[in-house]
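Have a look at the structure below, then the notes.
The values are calculated or read from the model by the stated rules, or taken from the named source; none is laboratory data. Here the structure is a predicted model, which is why all the values come from computation and not from measurement. Positions of Cβ are generated from backbone atoms using ideal geometry, with glycine treated the same way; all protein chains shown enter the neighbour counts. Accessible surface is based on the protein model in full, side chains and every heavy atom, while ligands, DNA and RNA are left aside. Shrake-Rupley method; radii C 1.70, N 1.55, O 1.52, S 1.80 Å.
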Amino acid sequence: MSPPLTAAKKQFPKGFLWGSATAAHQIEGSPLADGAGPSIWTRFAHTPGMTLNGDTGDVACDHYRRWKEDVALMRELGMQAYRFSVSWSRILPEGTGRVNQKGLDFYSRLVDELLANGIEPLLTLYHWDLPAALDDRGGWLNRDCADWFADYGRVLYRALDGRVKKWVTLNEPWVITDGGYLHGALAPGHRSRFEAPIASHNLMRSHGAAVQAYRAEGRHEIGLVVNIEPKYAASDSAEDQAAVRRADAYMNRQYLDPALLGSYPDEMKEIFGEAWPDWPAEDFDLIRQQLDFIGINYYTRNVTQANDSYPLRAGPVKQPLGTYTETGWEVFPQGLTDLLVWAKDRYGNIPTYITENGAAFFDPPVADTDPSGARRIRDPLRIDYLRKHLSAIHDAIAAGCDIRGYMVWSLLDNLEWSLGYSKRFGIVHVNYGTQERTPKDSARFYSKVIASNGDAL
Ligand SMILES: OC[C@H]1NNC[C@@H](O)[C@@H]1O
Ligand SMILES: [Ca+2]
């Protein structure tokens with residue numbers, strides 16, 4: 001349980017961990033440098049028509065070369081932590097077998113620089129960039145992926161555990177599956193209701209195998225990061241109630257239930273019908289592993305109604321009085337409080353980090369200068385978004401939720417996958433032409449929140 005909160009202001013618990021989040025393919029660039037192998041995203045983005053404007057991760061924020069200045073920027077902003085991901089194919093260019101020491105060295109240097117600047121690393125093993133060589137062997141559709149993933153994790157545990165004390169196996173298995181295997185908007189771009197359950201189940205088996213490997217090697221903490229989108233019925237009709245249950249099962253319970261409770265929601269069979277296999281019982285002994293924490297990524301909610309969409313037969317209803325971000329997501333802070341209380345009640349108040357939260361708004365494309373001559377990028381909508389969602393977390397903590405930290409998405413404007421560079425989530429602006437970083441007003445706001453442990457809200 002978190003220590004009691006002072007009612008006075010928005011004081012967060014002592015020791016609350018304030019940081020930011022990024023992901024390898026979205027910021028690093030140099031995807032094939034120093035012996036790295038291609039990933040499914042280098043392949044997908046170079047396939048004509050797959051990304052907006054044909055944008056690729058070839059340069060991105062050039063973080064692979066500017067990592068030292070970016071850590072200095074985190075230090076200047078007063079960050080206490082930094083959540084990042086490792087690109088599997090830098091470590092194992094063919095996905096298994098030979099280790100690429102130069103790839104390992106990049107992350108080892110990054111971790112040392114973070115620690116030297118008093119910033120705690122949170123390392124995500126997999127944030128969507130599967131080695132292309134493994135996709136050629138079936139990728140997440142091949143049950144061997146659990147061994148491939150555990151072997152990859154083991155290489156990193158042996159190299160970094162102790163300097164890294166908070167590990168994450170997967171980022172958002174729902175997005176990987178729904179985007180990469182059902183609807184095809186994300187790499188590897190498959191569209192199959194038969195493949196999606198298999199990929200999803202194998203992702204969770206791989207999660208379990210990586211946690212088991214960590215328990216044999218590691219001496220610190222490991223968890224799973226999921227994106228949760230609370231579903232609210234558009235009406236109290238029986239159809240809409242049933243639609244909400246399916247949507248909630250498909251996006252929210254499909255991952256935490258097997259990981260923490262050892263079984264899938266019943267609605268999965270209803271959703272996928274003949275395409276939902278009868279899984280071997282022993283798979284759940286692998287999937288369900290003791291976790292030290294979970295990470296929740298929150299962006300928005302869905303008001304959900306029954307429709308003839310496939311295979312869910314449920315979909316979102318636009319809210320006429322709602323405020324929407326550039327990615328078309330409703331700004332709904334209450335949804336964060338609601339889902340955190342829901343997760344506490346359903347999964348037994350497991351220590352929880354908000355491992356992503358943020359918004360893409362249209363920011364002024366260039367900085368102006370204030371009377372002091374300081375360059376500014378004014379992003380009041382993002383400040384409002386962050387203020388409201390941090391307050392929503394404070395409410396959840398007051399309701400008894402064991403929330404340990406918050407990683408804003410994102411430190412930098414970066415590659416928003418198939419949407420290319422068109423959506424800016426950063427609290428720091430990136431000029432992709434010059435690679436110049438400019439903290440936005442939201443970064444200055446966030447620095448004050450961190451320094452006051454929430455009081456500045
Ligand atoms: O869409 C914003 C973010 N959502 N979670 C996963 C990240 O990779 C995305 O950029
Ligand atoms: Ca998402």
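Would you mind counting up the charge near Leu336? Only other residues with Cβ under 10 Å from its Cβ, with Lys and Arg at +1 and Asp and Glu at -1.
0
Would you be so kind as to identify which of Trp41, Ala60, Gln80 lies farthest towards the positive end of the dipole of segment 11-91, taking Lys and Arg as +1 and Asp and Glu as -1 on Cβ and the Cα centre as origin?
Gln80
Just name one of Met50, Tyr181, Ile393: the one whose Cα is farthest towards the positive end of the charge dipole of the chain (beta-carbon charges, Lys/Arg +1, Asp/Glu -1).
Ile393
Convert each backbone phi in segment 88-98 into a coupling constant with the Karplus relation 6.51 cos²θ - 1.76 cosθ + 1.60 (shift: θ = phi - 60°), then list the ³J(HN,Hα) values in order as whole Hz, x for Gly and Pro.
Once rounded to whole Hz, the list reads 3, 7, 7, 7, 10, x, 9, x, 9, x, 4.
Cα gyration tensor of segment 1-108, axes a ≥ b ≥ c as square roots of the eigenvalues: rounded (a/c below 1.5), prolate (a/b > b/c) or oblate?
Prolate, since a/c reaches 1.5 and a/b exceeds b/c.
Out of residues 5 or more away from Lys423 or on other chains, whose amide H comes under 5 Å of its own, with H placed 1.01 Å from N in the peptide plane?
Result for Lys423 returns Glu416.
Carbon-plus-sulfur fraction of the accessible area of segment 119-199, 1.4 Å probe, in percent?
Answer for segment 119-199: carbon and sulfur cover 46 percent of the accessible area.
Could you sort the peptides 406-418, 43-55 by per-residue average Cβ neighbour count (10 Å cutoff), highest mean leading?
Order by mean packing, descending: 406-418, 43-55.
Which peptide among 65-71, 79-85 comes first, and what is the full order, when sorted by highest mean count of other Cβ atoms within 10 Å?
So the order, starting with the most tightly packed, is 79-85, 65-71.
Sorting Ser20, Ser422 by accessible area (1.4 Å probe), largest first, what list results?
Ser422, Ser20
Run the dipole for segment 303-457 about the Cα centre, Lys and Arg Cβ at +1, Asp and Glu Cβ at -1, nothing else charged, and hand back the magnitude in debye, nearest 20.
Magnitude of the dipole: close to 120 debye.
Which of the peptides 280-289, 425-434 is most tightly packed, and how do the rest follow, judged by the mean count of other Cβ atoms within 10 Å per residue?
425-434, 280-289
What does the accessible area per residue of the chain come to in Å², with a 1.4 Å probe and no ligands, DNA or RNA counted?
37 Å²
Among the helices of the chain (complete DSSP H runs), which have Cα atoms covering no less than 18 Å along the helix axis and a Kyte-Doolittle mean of at least -1.0?
The answer, listed by residue number, is 101-116, 145-160, 195-217, 334-347, 380-398.
Rounded to the nearest 20 Debye, what is the dipole magnitude of the chain about its Cα centre when Lys and Arg each give +1 and Asp and Glu each give -1 at the C-beta?
1100 debye
What dipole magnitude, in Debye to the nearest 20, does segment 45-129 give about its Cα centre under +1 on Lys/Arg Cβ and -1 on Asp/Glu Cβ?
My answer is approximately 180 debye.
Assuming a viscosity of 1.002 mPa s and a temperature of 20 °C, what translational diffusion coefficient in µm² per second does Stokes-Einstein assign to the chain, Rh being the Kirkwood radius over Cα pairs?
Answer from the Stokes-Einstein relation: 96 µm²/s.
By the scheme Lys and Arg +1, Asp and Glu -1, what is the net charge of all other residues having a beta-carbon under 14 Å from that of Trp167?
Here the count lands on +3.
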